[in-house]
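A short worksheet on the structure shown next.
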Amino acid sequence: MEQKSTHATLDKIISLCKRKGFVFQTAEIYGGLNGVYDFGHLGFLLRENIKQAWKKSIENDLGEIYTLEGSLLGVHRMWEASGHVENFHDPMIDCKNCKKRFRADDDSMDINKCCPDCGIKNWTEVRNFNLMFKTEVGAVSDGSAYAYLRPETAQTIFINFKNMMTTNRAKLPFGVAQIGKSFRNEITPKQFLFRLREFEQMELEWFCKEETSMDMFNFWLEKRREFYKNIGLNMDKIRFHAHSKEELAHYSVCCTDIEYQFPFGFKELEGIAHRGTFDLTQHSKFSGKDLAVFDEETKTSSTPVVVETSVGVDRLFLTVLFDAYYEDEMDGETRVVLKLDPTIAPIKLAIFPLTKKLEEPAHNLFKEIRKSIPHIQFDVTGSIGKRYRRQDEIGTPFCITYDFESEVDKAVTIRDRDTGKQERVAIAEILSYLTQHNITK
Ligand code: ATP
């Protein structure tokens, strides 16, 4: 097998996602909505597997992890406390000629030059644009009932800090994890799933004592590196970018971005931040509720420090697709293959009868294996080669062919997606073969 370079471009990834039903432009039949997508069957399964892997990756020996599902709508005061009402904005500029809007600080933007869309230089002033979606709650529009769709999941964790600590009888250090939707009215959503207006985040807020907080920060940096390795990303394309003093948010003690090398450059995939006591202190101040913790040993109260890890499901989804996309040659044909790690592949296995005559016994085998591994496919259409190609494109790690010999030797041929290697395996041994190759539920 000849291994070619990946050739993964954004256009190829978008086309594959649409063709195979991973991702659809939302409301496509009505012309779409910029920066918002729907996920089809395979997309849903891939997202679920990514989330499962994330949940597993934050388990640790230092402290418990509790989970929260916070509301999407949040009150004005809470977003004032967090700083989002005042500071969560991007600089925006409009072209007065073609009315196109741009982010003034975009890498590809130079406001000293002409508009990249119409070629005329006639800019408005740069203005700040708040990225939160604002709405009114209830029937009275008197300004007192403003709410916002959350732009991050983290704040619902901070405002529930005391609830979570007391109801779970939690001891520091401990973490509160949340996977959920966030909304940002991005000025220019772009690069497909990279910058969206509606997206999902996986965030962990780790509450600890001040004196251990730098060790905790370093601990989480390593844990996150391990996660990307375990889901099979090419670690040569991952780099850690520690923020300089100038880059740091005013409340952050230190912050490191995990960046991935996309075809459009190294970009942030995940942020890991030592946020000091900023969040809990702010919410104490604005709500009037004391969020400090009393330490029985020292008989003193103090506000815990927060170490945050935050990654977008959609951005990671796009990353694993870029990372797994290859065009290579197999059996004299060029194929597109997603070399997804078996733990996150949406379909784990496909079963084919060699010919239609063997459909019944092959389908019986399919039904049997599906009891243990739910997400598998059965395919009788086209040549075996064509059926392999279909599975390669969606990243199915193994294909099983049931042939005439299977009736006699009670064995099947299992073919490996990445190497094309085929092995004869006894039907009774299929499940243990799959488990050995990381294929489980
Ligand atoms: P960026 O600089 O790329 O806008 P950010 O620093 O604003 O990102 P955070 O607020 O730290 O991002 O959000 C944490 C994570 O959430 C990001 O690392 C990214 O994976 C994801 N994320 C943030 N904004 C978006 C978006 N508009 N679309 C998709 N994912 C996003």
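Check whether at least one residue in segment 104-121 is of a type outside the set (A, V, I, L, M), in contact with a strand residue (DSSP E or B) (Cβ under 8 Å, 6 or more places away or on another chain), surrounded by 17 or more Cβ atoms within 10 Å (Cβ to Cβ) and within 25 Å of LYS134 (Cβ to Cβ), and report yes or no.
No, there is no match, as no residue in segment 104-121 is of a type outside the set (A, V, I, L, M), in contact with a strand residue (DSSP E or B) (Cβ under 8 Å, 6 or more places away or on another chain), surrounded by 17 or more Cβ atoms within 10 Å (Cβ to Cβ) and within 25 Å of LYS134 (Cβ to Cβ).
So PHE278 ticks every box in (1) open to solvent by less than 30 Å² (accessible area, probe 1.4 Å); (2) under 16 Å from VAL305 (Cβ atoms) but one. Which box is left unticked?
Result: PHE278 passes all but (1).
Each row is one residue, and each column tells you yes or no for (1) more than 30 Å from VAL36 (Cα to Cα); (2) open to solvent by 10 Å² or more (accessible area, probe 1.4 Å); (3) among the aromatic types (Phe, Trp, Tyr).
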position	(1), (2), (3)
PHE352	yes, no, yes
ALA362	yes, no, no
SER372	yes, yes, no
ILE376	no, yes, no
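Could you list, in sequence order, all residues of segment 268-311 that are away from the ligand (no atom under 16 Å from the Cβ), part of a strand (DSSP E or B) and closer than 27 Å to GLU247 by Cβ?
VAL305, the sole residue that qualifies.
Within the group PRO353, PRO346, PRO342, which residue is over 24 Å from GLN201 (Cβ atoms), modelled with pLDDT of 95 or more and under 18 Å from the mean Cα position of the chain (by Cα)?
PRO342
For GLU333, state whether it is charged (D, E, K, R) and within 14 Å of the ligand (Cβ to nearest atom).
So GLU333 does not fit the description; no.
Looking at this structure, is ASN438 open to solvent by 30 Å² or more (accessible area, probe 1.4 Å) and under 20 Å from LYS339 (Cα atoms)?
So ASN438 fits the description; yes.
Taking segment 236-267, which residues are closer than 20 Å to ILE58 by Cβ and either more than 15 Å from the ligand (Cβ to nearest atom) or open to solvent by 50 Å² or more (accessible area, probe 1.4 Å) (or both)?
If the condition is that a residue be closer than 20 Å to ILE58 by Cβ and either more than 15 Å from the ligand (Cβ to nearest atom) or open to solvent by 50 Å² or more (accessible area, probe 1.4 Å) (or both), then PHE240 is the only one that fits.
Scan SER284, SER310 and give me the residue that is hydroxyl-bearing (Ser, Thr, Tyr), open to solvent by less than 50 Å² (accessible area, probe 1.4 Å) and closer than 30 Å to THR396 by Cα.
That would be SER310, the only listed residue that is hydroxyl-bearing (Ser, Thr, Tyr), open to solvent by less than 50 Å² (accessible area, probe 1.4 Å) and closer than 30 Å to THR396 by Cα.
Considering only residues that are surrounded by 15 or more Cβ atoms within 10 Å (Cβ to Cβ) and of a type in the set (Val, Ile, Thr), which ones fall in segment 25-64?
The answer is THR26, VAL36, ILE50, ILE58.
Please specify each residue of segment 346-405 satisfying the condition of being basic (Lys, Arg) and not in a helix (DSSP H, G or I).
Those that are basic (Lys, Arg) and not in a helix (DSSP H, G or I): LYS348, LYS371.
LEU338: in contact with a helix residue (DSSP H, G or I) (Cβ under 6 Å, 6 or more places away or on another chain) and open to solvent by less than 60 Å² (accessible area, probe 1.4 Å), yes or no?
Considered against the rule, which asks whether it is in contact with a helix residue (DSSP H, G or I) (Cβ under 6 Å, 6 or more places away or on another chain) and open to solvent by less than 60 Å² (accessible area, probe 1.4 Å), LEU338 comes out as yes.
The values are calculated or read from the model by the stated rules, or taken from the named source; none is laboratory data. Note that the structure is predicted; figures quoted are calculated from it, not measured. Here Cβ is always computed from backbone atoms with ideal geometry, including for glycine, and neighbour counts include all displayed protein chains. For accessibility, only protein heavy atoms count, side chains too; no ligands or nucleic acids. Shrake-Rupley method; radii C 1.70, N 1.55, O 1.52, S 1.80 Å.
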